Amino acid sequence: MNSEIVHLRKTLHENPELSGFEYETAKRIRDFIEKHHPTEILENLGGTGLVAIFKFPKKGPSITIRCELDALPIQEENQFEHQSKNKGVSHKCGHDGHMAIVSGLIFWLKNQSFESGEVILLFQPAEENGEGAYRVLQDERFKSLKTDYVFALHNIPKEPLHSTILMQKGFSAEVQSFIIRLKGKESHAAEPENGVNPALALSEMIRAFSQLEVAKPEDENFTLITPVHVNMGQKAYGISPANGELHYTMRTWSGEQMSALKSQIHATVRKLSEEHQLAFEIEWLEYFPAAANDKDSNAYVAKAALENNFQIIKRPYPFKFGEDFGWFSRDYKTAMFGLGAGLDTPALHNADYDFPDELLETGISMFKSIISNVLKA
């Protein structure tokens, strides 16, 4: 393994930045590319994102390899030398490793002599809040690149190290979060009949939403509706409160299912609010479209795994987490795949997680094969 790539990974881990604020991270990536293989770079895509473009002599297929710049608002527990220097912020999803893998491709690219085509290395901001990919796609400079394929990977703890995890239909779930705000009327706690307290409506909504769930992920109608926060009134025991809030996140396997679910949620909230004489509003936020895998793109991933003799694990359904890579699926041929990060590696978003450096060469090898097969097709 190239020591420069490992050093970059650990430097990125030491200096994490939150979604939308990856200014120094983007600068480090730009400086790394300019030092080792200068090429055309476009900056400030979708905010802090950047792309490095490597063109070969003749016009041909264009392939984009995408990774993520952002970290999470989690205090790191690890005590190793490259621990996070930014209090309350750390790379607990492995984006530092993803960036190092994509950056590491430049050492290989500068020695390639493909007759035609181009390779675009995309360092995307704000994946964790679901905004980055959408913003990149709205940027006219990215649109003008007219790429044919977009590929990405994600490390997957609790799977055998170096294994390649493939899914036919898609990589990740459709995710939508929302807030319900209810407004009644305050009264004295001794005279609740003179007010409108939202407590009963909140409890009935929680129960009603739970009955919409299809919790088995192998079911094509999989629907997960998770309550994440409830708020009502204040710690004032003489007041029957007027206001209440419910915060939820929902997951399905498709956009069609999610649209139908949102309609059911809205109808339920309206019905129960009217029954309890409450005003209501629903705020939809943090949307991650399902990341679909194109058949041809998925075939390139499978071929790359076979060429590198990596164990292939065929997963029967997507991961339940959200991934804003799904935005690319709407406009381009895409495939996202998993790389096993080791059976004993802490789970993603855990405070003691650290991307395994042994996986850097694995990711680079996968992308080298995918690029070669696309450009030689």
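The values are calculated or read from the model by the stated rules, or taken from the named source; none is laboratory data. These numbers come from a predicted model, not from an experiment. All Cβ positions, glycine included, derive from the backbone under ideal geometry; neighbour counts span all protein chains shown. Side chains are part of the model used for accessible areas, which takes the heavy atoms of the whole protein and leaves out ligands, DNA and RNA. Shrake-Rupley method; radii C 1.70, N 1.55, O 1.52, S 1.80 Å.
As a length-normalised measure over Cα pairs under 8 Å and 6 or more apart, the relative contact order of the chain settles at 24 percent.
Give me the number: length gained by fully extending Ile206 to Leu145, i.e. 0.36 nm times residue separation minus the C-alpha to C-alpha distance, one decimal in nm.
Working: separation 61, 0.36 × 61 = 21.96 nm, distance 4.65 nm.
Gain on extension, Ile206 to Leu145, equals 17.3 nm.
Counting only protein heavy atoms, what percent of the accessible surface of the chain is carbon or sulfur at a 1.4 Å probe? Mind showing how you got there, number by number?
Values: 8290 of 16990 Å².
Carbon plus sulfur share of accessible area: 49 percent.
Rounded to the nearest 20 debye, what is the charge dipole size of the stretch 43-116 about its Cα centre when +1 sits on each Lys and Arg Cβ and -1 on each Asp and Glu Cβ? Don't jump to the answer; show the numbers that get you there.
Details: 8 positive and 8 negative charges, 85 e Å.
Here the stretch 43-116 has a charge dipole of around 400 debye.
Taken along its three principal axes, the alpha carbon spread of the stretch 270-366 comes to 64, 36, 21 Å, from the longest extent down to the shortest. The charge dipole of the stretch 195-340, taken about the Cα centre with unit charges on the Cβ atoms of Lys, Arg (+1) and Asp, Glu (-1), comes to about 280 debye, rounded to the nearest 20. Using alpha carbons only, the radius of gyration of the stretch 145-303 set against its Kirkwood radius gives Rg/Rh = 1.15.
How do Val228, Val6, Val51 stack up against each other in accessible area, from largest to smallest, with a 1.4 angstrom probe? Write down the numbers at each step before the final one.
Values: Val228 95, Val6 35, Val51 0 Å².
Final ranking, largest accessible area leading: Val228, Val6, Val51.
Each of Ser254, Phe222, Gln234 was placed along the dipole of the stretch 215-279 (beta-carbon charges, centred on the mean Cα), and the one lying farthest toward the positive end is Gln234.
To the nearest 0.05, how large is the calculated FRET efficiency for Lys303 and Lys87 if R₀ is 56 Å and r is the Cβ-Cβ distance? Walk me through the numbers before you get to the answer.
Numbers: r = 44 Å, r/R0 = 0.79.
Plugging the Cβ-Cβ distance into 1/(1 + (r/R0)^6) gives 0.80.
Along the Cα-to-Cβ line of Asp344, 7 Å from the Cα, sits a label point; which residues in the stretch 356-372 have backbone N less than 16 Å from it? Taking a point 7 Å out along Cα→Cβ of Asp344, the residues of the stretch 356-372 whose backbone N falls under 16 Å are 356-359. Based on the Kirkwood approach, the hydrodynamic radius assigned to the stretch 165-249 is 15.2 Å, with every pair of different Cα atoms included. Rounded to the nearest 0.05, the FRET efficiency derived from the C-beta distance between Asn373 and Lys169 at R0 = 25 Å is 0.70. The stretch 246-267 and the stretch 306-332 have their alpha-carbon centroids 23 Å apart.
Just how many % of Cα pairs in the stretch 58-107 lie over 15 Å apart, if you round to the nearest whole percent?
57 percent
Per the Debye calculation on the stretch 1-70 with a single equal scatterer at every Cα and no solvent contribution, log₁₀ I(q)/I(0) for q = 0.17 Å⁻¹ amounts to -0.71.
Per residue, the solvent-accessible area of the chain (1.4 Å probe, heavy atoms of protein chains only, all protein chains present) comes to 45 Å². Per residue, the convex hull around the alpha carbon atoms of the stretch 212-343 comes to 156 Å³. The stretch 32-89 and the stretch 348-377 have their alpha-carbon centroids 14 Å apart.
With a Förster radius of 51 Å applied to the beta-carbon distance between Glu256 and Ala189, the computed FRET efficiency rounds to 0.65. Label-to-label distance, Ile41 versus Phe80, with points set 7 angstrom from Cα along the beta-carbon direction: 2.6 nm. Measuring max minus min along each principal axis, the C-alpha atoms of the chain give extents of 81, 42, 42 Å (largest first). The modelled label-to-label distance for the pair His7/Gln138, using points 7 Å beyond Cα in the direction of Cβ, is 3.9 nm.
Going by average Cβ neighbours within 10 Å, how do the peptides 180-192, 87-99, 362-374 rank, with the highest at the top? Intermediate values should be presented prior to the final figure.
Numbers: 180-192: 16.3, 87-99: 24.3, 362-374: 21.4.
Descending mean neighbour count gives 87-99, 362-374, 180-192.
Sticking with the crude label model, points 7 Å out along Cα→Cβ, report the distance from Arg315 to Lys58 in nm, one decimal please. If labels sit at Arg315 and Lys58, their model points lie 3.9 nm apart. Restriction of the GluC sites (Glu not before Pro) in the stretch 53-98 to DSSP coil positions whose beta-carbon has at most 16 other beta-carbons within 10 angstrom yields Glu77, Glu81.
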